[in-house]
Amino acid sequence: MLMGKDIVGKMIVRVSLTLLLVFWGVQISAADPGKMGVVNVQKVIALSSAGKAAKTRLDEKLKGLRSSLKENEDRAKGLQQEIEKKSSVWSEEKKAEKIREFQKIKRELKAKSEDASFEVKQFQDKELEPILKTLDGIITQYGKDNGYALLSDSRAGFLYVDEAVDVTDEIIKLLDKAMAK
């Protein structure tokens, strides 16, 4: 059943792209109707200087957050091991107290983990926003300057894309130049 949804989803994407191209064709008639290209936006971000710098800053942020989470995980594991080893000799009251303490640590860990995920997402958005904004302008200008009727993200669901229409490397160079200013 999951496979059927996958196929339907892919068909919807293909039909949507086809309709987009058909209805968009009226607006792109000034450009060479046969000149189309693709850009691997993920690759541009990963290989551009600005993208690499953003990744480095994100990795540093993640390292700090992981360290904080690791401390709580270690506390929880230590307490869990203590409960497993000593619960048979503890009174019911002591056992219940330790279990409550363990559950509290687990709840704190879950909350910190969710906070960390949110913080990482916000940090990532903040880091990528100026890059993506600049990239959008660069791709638009590149398309206009080079007579492209269509430039699309290579992950847009195309079944086959010839490497000759991939302009990713040119876009990386332009982004590096623009972000260096």
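Below, the figures for the structure above:
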{"quantity": "Approximate spin-label separation Lys35-Asn146, in nm, with each point projected 7 Å along Cα-to-Cβ", "calculated": "1.0"}
{"quantity": "Gain in span if fully extended, Lys104 to Glu60, counting 0.36 nm per residue against the direct Cα distance", "calculated": "13.0 nm"}
{"quantity": "Whole-Å distance, taken between Cα centres, linking the range 57-75 and the range 143-174", "calculated": "38"}
{"quantity": "Net charge of neighbours whose Cβ lies under 10 Å from the Cβ of Ser154, counting Lys and Arg as +1 and Asp and Glu as -1", "calculated": "0"}
{"quantity": "Label-point separation in nm, Ser117 to Lys177, each point 7 Å along Cα→Cβ", "calculated": "4.2"}
{"quantity": "Mean separation of Cα contacts under 8 Å (6+ apart) over length of the range 31-179, as relative contact order %", "calculated": "56"}
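The numbers here are math on the coordinates, done by the rules we state, and not lab data. Please read these numbers as outputs of a predicted model, since none were measured by experiment. We place every Cβ from the backbone using ideal geometry, glycine too, and count neighbours over all the protein chains shown.
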